[in-house]
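The values are calculated or read from the model by the stated rules, or taken from the named source; none is laboratory data. This structure is a prediction, so every number in the text was calculated from the model and none was measured. Backbone-built Cβ (ideal geometry, glycine too); neighbour counts: all protein chains shown. Surface areas here come from the heavy atoms of the whole protein model, side chains and all, with no ligands, DNA or RNA. Shrake-Rupley method; radii C 1.70, N 1.55, O 1.52, S 1.80 Å.
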Amino acid sequence: GPMAFDLVIDIENSPGALAQVAAAISDAGVNIAAATCIGSGERAELHVLVPHAEAAKHSLAISHLAVTREREVVVVDVEDRPGVLADLTRKIARAGVDLDLVYVATRNRVVFGAADLAGLRAALDATI
């Protein structure tokens with residue numbers, strides 16, 4: 001599939017912080033496909049899926065929001081049915097690829113991250 005990037009933005013875990021980040025990303029003309037907040041402390045990590053990392057990073061910088069990590073990820077279109085995630089992760093496990101990032105995005109897509117990106121791609125491209 002097309003390239004996609006997972007950007008991690010470190011935000012203050014306070015009311016309005018997420019709204020500020022969402023507005024900044026939207027101002028950049030970037031459509032947020034997925035957002036996951038991790039953390040219950042004073043800071044939270046926001047994962048954002050974008051097709052182009054540079055445009056999003058530039059606009060976020062203008063809004064004083066720093067992207068702390070950025071990585072290429074593999075996005076898979078899936079059917080909305082029970083068991084689909086289990087099937088995909090089994091397939092990846094059989095190929096011996098360790099996943100270190102998984103989340104579900106809008107429009108029935110699943111995002112996968114692994115240190116071995118080529119192996120991950122190959123495993124997903126292989127027929128079941």
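Laid out as a table, the results:
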| item | result |
| --- | --- |
| Per residue value of the accessible surface for the chain (all protein chains in place, 1.4 Å probe), Å² | 57 |
| Computed magnitude of the charge dipole of the stretch 1-84 (debye, nearest 20; Cβ of K, R +1, Cβ of D, E -1) | 80 |
| Estimated [θ] at 222 nm from DSSP helical runs (n ≥ 4, -39500 (n - 2.57)) normalised by residues in the chain, nearest 500 | -9500 deg cm²/dmol |
| Highest average packing first - 104-116, 59-71, Cβ atoms within 10 Å | 104-116, 59-71 |
| Cα-based shape type of the stretch 39-87, given that a ≥ b ≥ c are square roots of the gyration tensor eigenvalues and the cut on a/c is 1.5 | oblate |
| Cα Rg over Rh - the stretch 46-120, Kirkwood | 1.04 |
| Using alpha carbons only: equivalent-ellipsoid semi-axes of the chain, gyration tensor based, whole Å | 28, 15, 13 |
| Carbon plus sulfur fraction of accessible area for the stretch 29-105, probe 1.4 Å, in percent | 54 |
| Gain upon complete extension [R90, R69; 0.36 nm per residue less C-alpha separation] | 4.8 nm |
| Global form of the stretch 81-128, assessed from the alpha-carbon gyration tensor, a/c cut-off 1.5 | oblate |
